[in-house]
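The values are calculated or read from the model by the stated rules, or taken from the named source; none is laboratory data. Quantities reported herein were computed from a predicted structural model and do not represent experimental measurements. Here the Cβ positions follow ideal geometry from the backbone for every residue, glycine too, while neighbour counts run over all protein chains shown. We work out accessible area using only protein heavy atoms, side chains counted, and drop any ligands, DNA or RNA first. Shrake-Rupley method; radii C 1.70, N 1.55, O 1.52, S 1.80 Å.
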Amino acid sequence: MFLDSCTLLLVRGLPGSGKSTFAMNIAPTDFHWEEADHYMVDEDGNYKFDPMKLEYANQCCQENTRRSLSMGFNVVVSNTSTTEKEVEIYKKIAEETGANFLSVIVENRNATSSVHGVPEHTLNNMRKRFSVKL
């Protein structure tokens, strides 16, 4: 199965769980790396979350994922993807491009906090809506 086509690996989890670290370690092995946070960096290279850019960041992530898969590249996407709807978007992209689809959840077992300063009430809302299909 995995030898015949490319793979889309969706890395999901709450902020601070280690999604980016996991994806960063996978990417050099033969994966293009996409993440909405890549589009939240200012001209000086500093991360700055801007909720007004979130839709744009997600669209860029999806378009680049589709393009890379269509070109035969493996792609790892590390976004929170807390809802089934967000997961289904990437599953559909994989289906459209003939790619294998895998979803992994990174748990925050180290009790680390988000480097992005996500407020606790936002994290709690994300925990409540996090969808897992077993």
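Being farther than 18 Å from CYS6 by Cα, aliphatic (A, V, I, L, M) and open to solvent by less than 60 Å² (accessible area, probe 1.4 Å) is the requirement here; does ALA27 meet it?
no
Identify, from the list GLU96, GLU120, GLU107, the residue that is more than 16 Å from the chain's Cα centre (by Cα), of a type in the set (Asp, Glu) and at pLDDT below 95.
Every option except GLU120 fails the conditions.
Of everything in the range 82-103, what is under 24 Å from THR21 (Cβ atoms) and open to solvent by less than 50 Å² (accessible area, probe 1.4 Å)? Give them in sequence order.
Hits for the range 82-103 are THR82, THR83, VAL87, TYR90, ILE93, ALA94, ALA99, ASN100.
Of the residues in the range 62-103, how many are part of a strand (DSSP E or B), among the aliphatic types (A, V, I, L, M) and either in contact with an Asp or Glu (Cβ under 7 Å, 6 or more places away or on another chain) or farther than 17 Å from HIS32 by Cβ (or both)?
Result for the range 62-103: 2.
Could you list, in sequence order, all residues of the range 30-67 that are of a type in the set (A, V, I, L, M, F, W, C), touching a residue at least 12 places away in the same chain (Cβ under 8 Å) and either over 21 Å from LYS92 (Cβ atoms) or open to solvent by 90 Å² or more (accessible area, probe 1.4 Å) (or both)?
Matches in the range 30-67: MET40, PHE49.
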